[in-house]
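Working notes, structure below.
The values are calculated or read from the model by the stated rules, or taken from the named source; none is laboratory data. All values derive from a computational prediction rather than experimental measurement. Here Cβ is always computed from backbone atoms with ideal geometry, including for glycine, and neighbour counts include all displayed protein chains.
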Amino acid sequence: MSKALIIDDEQQMRRLLRMALESRGYEIYEAADGPLGLQEAAFHRPDVILLDLGLPSMSGIEVLKRLREWSDVPVLILSVRDQENVKVEALECGADDYVTKPFGTAELLARLTVIQRRRFTRQNPEIIVGKLRLDLLHHEASLNAEQVKLTPTEFALIKVLAEHAGRIVTQNQIIRQVWPGQQTDQSEGLRVHINHLRKKIGASGPQIINEPGIGYRLESEGES
Amino acid sequence: MSTYTQATSTAKKPVSAEVVGQFSWGITLIFALSSTCWVLLPYTGYMFAALVFLLAIVLAGVSWNRGPVLTMAVMSALVWNFIFIPPQFTLHIDKPQDVIMFALFFIVAMSMGHLITRLRKREESLEQHHREREQLLAAKHRAELLAESERLHRTLLDSISHELKTPIAIIRTALDGLDEGNPFAAEIDTANRRLQRIVENFLEMTRVESDALKPHPEWCEIGDVLHAATTPLQRDIAQHPLVITGAESLPLLMLDSRLLAQALRNVLYNAILYTPAATPVEIHVTLENNILQIRVRDHGHGIPLESLDQLFDKFYRAPDSPAGGTGLGLAISRGLMRAMKGDIEAQNHPEGGAEFTLHLPVKSRQA
């Protein structure tokens, strides 16, 4: 049974989330503010944290930063703010994904499942997302068992997205991994390579979804 | 004295016409002073003229440029020698002490002219520095005030947004816990979504009007903009076939995709709301002369002629509008497009239906 910690100052929201998640088999802990949330996280060691960004006293971003000093537990951001820069900041401080209130329970559960799926482990030199298969040993990609010719940059790009399949990856996170150490702005190059990748993967493979102002999400077909 | 005041007021930037004026005034002054001293010569002696000339040079140096002042110095030395130093009306000087006097006069006149004009220049540049500094300080102060009020405004908007959206979110989550077949739950859900749209429209209108809206252009694909515009409408758009043309061949565009998507979304929502179910909605995208144009055409009854002018006004609702709108959607679209230096227009298509055109200037790059 997974343990989930809900950090939200709205009591009603906590109660509802508890009901929704308990019926899906989660064991729930609650905290009404940041400091309490950090204590609960240290004490119960939850498998996943739902963190509201608009907390009183200590902001959600601050909670996230302190949490990331000692824990890499998956964190899902709950936010009513639609301001993109706050979401991007949260994601770059180590949040795994976000949902914007009001959200449907189905969407919430899908996100939780994806971020709880253990992050990619390097024991297997292969990533599979839907019909797309990446062979990390030979730097080869194939779609429906047919090889897809990718340039080294395109391969590095699809690898980053595939490692985080189903999760949002911010533009900066992608750029840092695909062009490590580059000082110049690579956002233009990123767009160009995404464009090429989309053409090569086509409509039958997993889709590279853009979230304006935030980043990209690789969604395997039939899972969105 | 008109030249004097003129020279002071624009002393910072010597204009050639002004310098010419100073030259002629200088020559005139030397002439007038020599005449006066000539008349007074029997009573005062020739040394007096030298002192008068020096005084004139000092005074001229206070307001005039270097060129005219130094010319005055040279001229007065020559005039003094020629007219006043005996023997008169020759450049020849008899007594050795007069030769020394002449040389001294020349040196004193030149250095006075030089030093005083230089002093004035320095003073002026100091003054200008001071003025610039004050202007900078004032500008900084204004910017700080503006930033502070903007920050306050944003905090207020954020907290109102939080207060209004939280209950809506709670209702939404609670509804998800109810049985899906419950018809009452479906009604609450419809009403809640309507409420959410109204709240979002009001908040967005406030943002559009408050100048807090700053476009952040970045390279993007038009397909992503269309995707972002249509995805949130999926529930509503299902009844209308959506036909998109022209998007495939477009290069990368430099624009704020979030703002454009929102402007387009409102136009699409409007088209869906005002046209009979199952009629198609067409989106045609073109890029010409660095102007991106998105035309949205529906196959409804078109826009009543009397509404065309007010369509984009805040709170305007066309007669016989279906219930559920706020009259803000198109006003927001226009505000967003204008914030991006573009605009939006509406007309009736010659073959029926309404046609909205969103256009904005963009940089493009072949992918």
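Mind telling me which of the residues A:SER23, A:SER57, A:SER71 ends up being small (Gly, Ala, Ser) and either within 14 Å of chain B (Cβ to nearest Cβ) or within 30 Å of A:LYS149 (Cβ to Cβ) (or both)?
The unique qualifying residue is A:SER23.
Of the numbered conditions (1) modelled with pLDDT under 90; (2) within 10 Å of another protein chain (Cβ to nearest Cβ), A:ASP9 satisfies every one except a single condition; which is it?
The number of the failed condition is (1).
Quick check on the range B:329-367: of everything there that is loosely packed, with under 15 Cβ neighbours inside 10 Å and more than 19 Å from B:LEU311 (Cβ to Cβ), which residue is farthest from the other protein chains (Cβ to nearest Cβ)?
Once the filter is applied, the top-ranked residue is B:GLU351.
How do the strands (runs of 3 or more DSSP E) wholly within the range B:228-290 filter down when requiring 3 or more residues that are within 14 Å of another protein chain (Cβ to nearest Cβ): which remain?
B:252-255
Filter the range B:204-227 down to the residues that are of a type in the set (Val, Ile, Thr) and more than 9 Å from chain A (Cβ to nearest Cβ), then identify the one that is nearest to A:TYR216 (Cα to Cα).
B:ILE222
So which of A:ARG15, A:ARG24, A:ARG45, A:ARG66 is out of contact with any Asp or Glu (no Cβ under 7 Å at 6 or more places or on another chain), closer than 30 Å to B:ASN201 by Cβ and among the basic types (Lys, Arg)?
Selected residue: A:ARG15, the only one of A:ARG15, A:ARG24, A:ARG45, A:ARG66 that is out of contact with any Asp or Glu (no Cβ under 7 Å at 6 or more places or on another chain), closer than 30 Å to B:ASN201 by Cβ and among the basic types (Lys, Arg).
Among the residues of the range A:153-172, are any surrounded by fewer than 16 Cβ atoms within 10 Å (Cβ to Cβ), within 14 Å of another protein chain (Cβ to nearest Cβ), in contact with a strand residue (DSSP E or B) (Cβ under 9 Å, 6 or more places away or on another chain) and closer than 16 Å to A:LEU78 by Cα?
Checking the range A:153-172: not a single residue is surrounded by fewer than 16 Cβ atoms within 10 Å (Cβ to Cβ), within 14 Å of another protein chain (Cβ to nearest Cβ), in contact with a strand residue (DSSP E or B) (Cβ under 9 Å, 6 or more places away or on another chain) and closer than 16 Å to A:LEU78 by Cα.
A:GLY213 versus (1) facing chain B (nearest Cβ under 9 Å); (2) out of contact with any Lys or Arg (no Cβ under 7 Å at 6 or more places or on another chain): which is the lone unmet condition?
(2)
Which numbered condition in (1) touching a residue at least 40 places away in the same chain (Cβ under 8 Å); (2) away from chain B (no Cβ under 14 Å) is the only one that A:GLU146 fails?
(1)
Being at the interface with another protein chain (Cβ under 9 Å from one of its Cβ atoms) and exposed (fewer than 13 other Cβ atoms within 10 Å of the Cβ) is the filter here; which residues of the range B:158-203 pass it?
Selection gives B:SER159, B:GLY177.
So, of the residues in the range B:270-294 that are in contact with a Gly (Cβ under 8 Å, 6 or more places away or on another chain) and under 16 Å from B:GLY353 (Cα atoms), which turns out to be surrounded by the fewest Cβ atoms within 10 Å (Cβ to Cβ)?
This residue is B:PRO276.
Going through A:GLU84, A:GLU107 one at a time, which residue ends up being within 14 Å of another protein chain (Cβ to nearest Cβ), within 17 Å of the chain's Cα centre (by Cα) and under 30 Å from A:SER23 (Cβ atoms)?
It is A:GLU107.
Go through the range A:194-210 and give me each residue that's more than 8 Å from chain B (Cβ to nearest Cβ) and surrounded by fewer than 21 Cβ atoms within 10 Å (Cβ to Cβ).
A:ARG198, A:LYS199, A:LYS200, A:GLY202, A:ALA203, A:SER204, A:GLN207, A:ILE208
Give the range B:204-216 a look and list any residue that's free of Cβ contacts under 8 Å to residues at least 60 places away in the same chain, surrounded by 15 or more Cβ atoms within 10 Å (Cβ to Cβ) and either of a type in the set (Gly, Ala, Ser) or part of a loop (DSSP other than H, G, I, E, B) (or both), or say none.
Residues satisfying the conditions do not exist here.
Scan B:ALA103, B:ALA60, B:ALA109 and give me the residue that is in the same structural domain as B:TYR43 (by TED's automatic domain parsing), crowded, with 17+ Cβ neighbours inside 10 Å and at pLDDT 85 or above.
Residue meeting the stated conditions: B:ALA60.
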